[in-house]
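K.L.:
Have a look at this one.
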Amino acid sequence: MMDCMATSKRNGREEGEKSLLRYSSGTIYAKTLAGNRTLVKNVSFSIRKGEKLSLIGETGSGKTMIALSLMGKLAPNVKTEGLQCILDGKDCSHPKVASSLLGREVAYIPQNGMEFLNPSRTVKHHLYDSLHRAGVRSAEAKDKAASALSSVGFRDIDEILKSYPFQLSGGMAQRVTVALALCTRAKLIIADEPTNGLDKEAASRMLEHLGLLFPDAGQLFITHDIGVASNADRILVLCGGRTMEHGKSFLLQNPRNAYTKGLVSSLVSNGMKATPTLRKRTGCPFSDRCPEYSERCRDERIHQREGEHEWWCNG
Ligand code: SF4
């Protein structure tokens, strides 16, 4: 089957029945003065309860667009056609429904805690807002806020509660965003480059924390970092808004798609170089840079599968 996102109908049905989240992007495109520009096409995945999935690819590969579409937060000039998103049986394909779940059933952990937090509000205000949004009564808010901060490793809770973001280090601000997510009791966590700006030790602590703090939630990591991606149960590799490879995280030890091979061996610039955006082309979005390129890649990619591991490549 050429360049097709669908798995077999039977596998899809079985997967769907067990999934917490079922996502299918359809086409996500930007309306520009020069016409419509496709940003993401036919990317599908599912996440089970307690499962972690990493979306990995360079800047411009479509990871953030997918995350924004899940939260109903695409820019006004970015439109979708055929987007389907089902969270725990609830259809949240419409942006209004998706955004209404944010802070309740869906929690977002940003890549830069310091930029994400409102500089004019204390940590206490942030946490209380989040708890209020999640429906926690005011009488319970203090204990819940203290518990969330304690869960992410803060000891002097009173001091942190009255702090403004500029009084925190980058790592502390990032931990506050995780505490905010904890206040939601979310079913789905979307973590956008959650270890950005953290040193290796703090990054590994953060990833360990996320696993321990949200054992039942589905977790979606958006990352260009192979180390972060490999922390997940499954990985979906994106290039130019298309799926290149998808499977259990050990696929990184034996990548089959030429783009994934490049990412793993750092032949592809790690997160620094934008991938070509899709226009009307039907072939592989990596064809201009691929060391395994053949004429066929201009028009099509072969879908190949071994068990749960699937990839789209002619190499
Ligand atoms: S071999 Fe062809 S299909 Fe595979 S990544 Fe390279 S250009 Fe794309």
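K.L.:
For the range 216-265 and the range 146-164, what is the separation of their C-alpha centers, rounded to whole Å?
P.N.:
Cα centres, the range 216-265 to the range 146-164: 34 Å.
K.L.:
While we're looking at this one, here's another question. I'd like the Karplus ³J(HN,Hα) series for the range 106-117: coefficients 6.51, -1.76, 1.60, θ = phi - 60°, whole numbers in Hz, and an x wherever there's a Gly or Pro.
P.N.:
Couplings: 10, 10, 10, 10, x, 7, 9, x, 5, 6, 6, 6 Hz.
K.L.:
Of LYS90/LYS144; LYS73/LYS248; LYS144/LYS187; LYS90/LYS187; LYS52/LYS144; LYS200/LYS248, which sit over 21 Å apart, Cα to Cα?
P.N.:
In this structure, LYS90/LYS144; LYS73/LYS248; LYS52/LYS144; LYS200/LYS248 exceed 21 Å between Cα atoms.
K.L.:
Using θ = phi - 60° and the Karplus curve 6.51 cos²θ - 1.76 cosθ + 1.60, what whole-Hz ³J(HN,Hα) does each residue of the range 167-179 get, with Gly and Pro shown as x?
P.N.:
So the J values, rounded to whole Hz, are 8, 9, 7, x, x, 5, 4, 5, 5, 5, 5, 5, 4.
K.L.:
Explain nothing, just compute: Karplus ³J(HN,Hα) = 6.51 cos²θ - 1.76 cosθ + 1.60, θ = phi - 60°, for every residue of the range 180-194 in order, whole Hz, x for Gly and Pro.
P.N.:
Values per residue, Gly and Pro as x: 4, 5, 5, 5, 8, 6, 6, 7, 10, 10, 10, 10, 9, 6, x Hz.
K.L.:
Same structure again: Just MET244, MET172, MET65 to compare: in a GNM of the chain, with alpha carbon springs under 10 Å, which one fluctuates most?
P.N.:
MET172
K.L.:
Okay, next question. When the gyration tensor of the chain is built from Cα positions, what are the square roots of 5 times its three eigenvalues, in whole Å, from largest to smallest?
P.N.:
Here the semi-axes work out to 35, 20, 18 Å.
K.L.:
Please compute the modelled spin-label separation between ARG137 and ALA34, points set 7 Å along Cα→Cβ, answer in nm with one decimal.
P.N.:
5.8 nm
Bear in mind that the values in this text are calculations on the coordinates, not laboratory data. The structure displayed is predicted, hence computed values, not measured ones. With ideal geometry, Cβ positions are generated from the backbone for all residues, glycine too; neighbour counts draw on all protein chains shown.
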